[in-house]
Amino acid sequence: MDTKPIVNGPYLLAPTAEAITVAWEMERPAELQVIWYQAGREAGRVNAQYAREPACPAREEGYCLYTAVLTGLDSGTAYEYEIAAAGSRLAASSFRTLSEAPEKIRLVTLSDSHLFYTEKAFGAMVEKSKPDFILHGGDISFGTGYQHEQYVNNWFQKLPAVLSHTPAYYIPGNHDDGPFYEELFAKPLAETVNSPDGGHTYSFDYGCTHFV
């Protein structure tokens with residue numbers, strides 16, 4: 001099967017003590033799985049689902065956004081994972097689930113990253129501090145949210161390694177008011193978070209803290 005390489009991602013969303021979402025973009029549909037490992041042994045696998053994104057200049061028929069929700073995980077545990085197609089590994093990385101009852105909460109917040117000229121310093125800080133997750137407060141795009149390439153060029157391609165192993169929660173800013181935030185973040189988040197509006201607003205618990 002001609003899957004073509006992953007063009008964006010993988011990136012991690014919506015971490016909990018028992019689950020996490022893996023997402024990535026590809027040019028066309030394919031039968032893909034996410035396989036995860038604990039201490040070198042396979043711990044589970046799940047078929048990935050995809051949705052066709054709106055058209056953009058780089059891809060008139062729209063990219064395919066794949067998501068896979070990994071469930072039944074152990075809290076506070078390190079895992080490795082891979083995206084596989086017909087026995088071939090397309091990408092691989094790792095993650096750690098959230099703790100069930102953390103003594104401390106360690107997170108990194110940012111917003112208005114826009115052109116993101118400080119991505120190297122930000123990435124180094126994340127790698128050093130090893131947060132439980134990143135909370136992005138919005139405005140990844142500097143346009144109107146209708147420019148797919150701004151999300152790719154100014155976020156995903158600036159931090160590919162970090163986003164492949166450090167999960168994040170996202171909140172839309174006024175510049176993210178468009179279809180690509182919807183496809184890349186809101187809809188995948190809505191699969192697992194408590195949301196009344198498809199992932200634009202939501203809430204979740206972590207330890208003794210309630211995030212809204």
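Looking across segment 58-79, the residues that are under 15 Å from the mean Cα position of the chain (by Cα) and in contact (Cβ under 8 Å) with a residue 60 or more places away in the chain come down to LEU65, THR67, VAL69. Is at least one residue of segment 165-184 assigned to a helix (DSSP H, G or I), in contact (Cβ under 8 Å) with a residue 40 or more places away in the chain, open to solvent by 10 Å² or more (accessible area, probe 1.4 Å) and under 25 Å from THR209 (Cβ atoms)? Checking segment 165-184: at least one residue is assigned to a helix (DSSP H, G or I), in contact (Cβ under 8 Å) with a residue 40 or more places away in the chain, open to solvent by 10 Å² or more (accessible area, probe 1.4 Å) and under 25 Å from THR209 (Cβ atoms). Looking for something outside any loop (DSSP other than H, G, I, E, B), under 16 Å from GLY9 (Cβ atoms) and either in contact (Cβ under 8 Å) with a residue 12 or more places away in the chain or open to solvent by less than 10 Å² (accessible area, probe 1.4 Å) (or both) - is there at least one such residue anywhere in segment 136-148? Yes, segment 136-148 has at least one match. For beta carbons closer than 8 Å, sequence separation of 6+ or different chains, a first residue in segment 198-211 that is more than 14 Å from PRO102 (Cβ to Cβ) and a second that is surrounded by 15 or more Cβ atoms within 10 Å (Cβ to Cβ) and among the basic types (Lys, Arg), the qualifying pairs are GLY198/LYS187; GLY199/LYS187. Here GLU18 meets the list (1) under 20 Å from ILE134 (Cβ atoms); (2) in contact with a Phe, Trp or Tyr (Cβ under 8 Å, 6 or more places away or on another chain); (3) among the charged types (D, E, K, R) almost entirely, failing just condition (2). For segment 103-119, the candidate set comprises residues that are part of a loop (DSSP other than H, G, I, E, B) and of a type in the set (Asp, Glu); within that set, the residue that is surrounded by the most Cβ atoms within 10 Å (Cβ to Cβ) is ASP112. Within segment 151-163, being in a helix (DSSP H, G or I) and open to solvent by 20 Å² or more (accessible area, probe 1.4 Å) holds for ASN153, PRO160, ALA161. Among the residues making up segment 203-212, those that are open to solvent by 30 Å² or more (accessible area, probe 1.4 Å) and closer than 24 Å to GLU183 by Cβ are PHE211, VAL212. Check off (1) outside any helix (DSSP H, G or I); (2) surrounded by fewer than 16 Cβ atoms within 10 Å (Cβ to Cβ) for GLU127 and give me the number that stays unchecked. Unmet for GLU127, out of (1) outside any helix (DSSP H, G or I); (2) surrounded by fewer than 16 Cβ atoms within 10 Å (Cβ to Cβ): (1). Would you confirm whether or not segment 10-21 contains a residue that is assigned to a strand (DSSP E or B) and open to solvent by 30 Å² or more (accessible area, probe 1.4 Å)? Looking for residues that are assigned to a strand (DSSP E or B) and open to solvent by 30 Å² or more (accessible area, probe 1.4 Å), one finds none in segment 10-21, hence no.
The values are calculated or read from the model by the stated rules, or taken from the named source; none is laboratory data. Fair warning: this is a prediction, and the values are worked out from it, not measured in the lab. Positions of Cβ are backbone-derived with ideal geometry, glycine not excepted, and every protein chain shown enters the neighbour counts. Please note that ligands, DNA and RNA were not included when accessible areas were found on the heavy atoms of the full protein model with its side chains. Shrake-Rupley method; radii C 1.70, N 1.55, O 1.52, S 1.80 Å.
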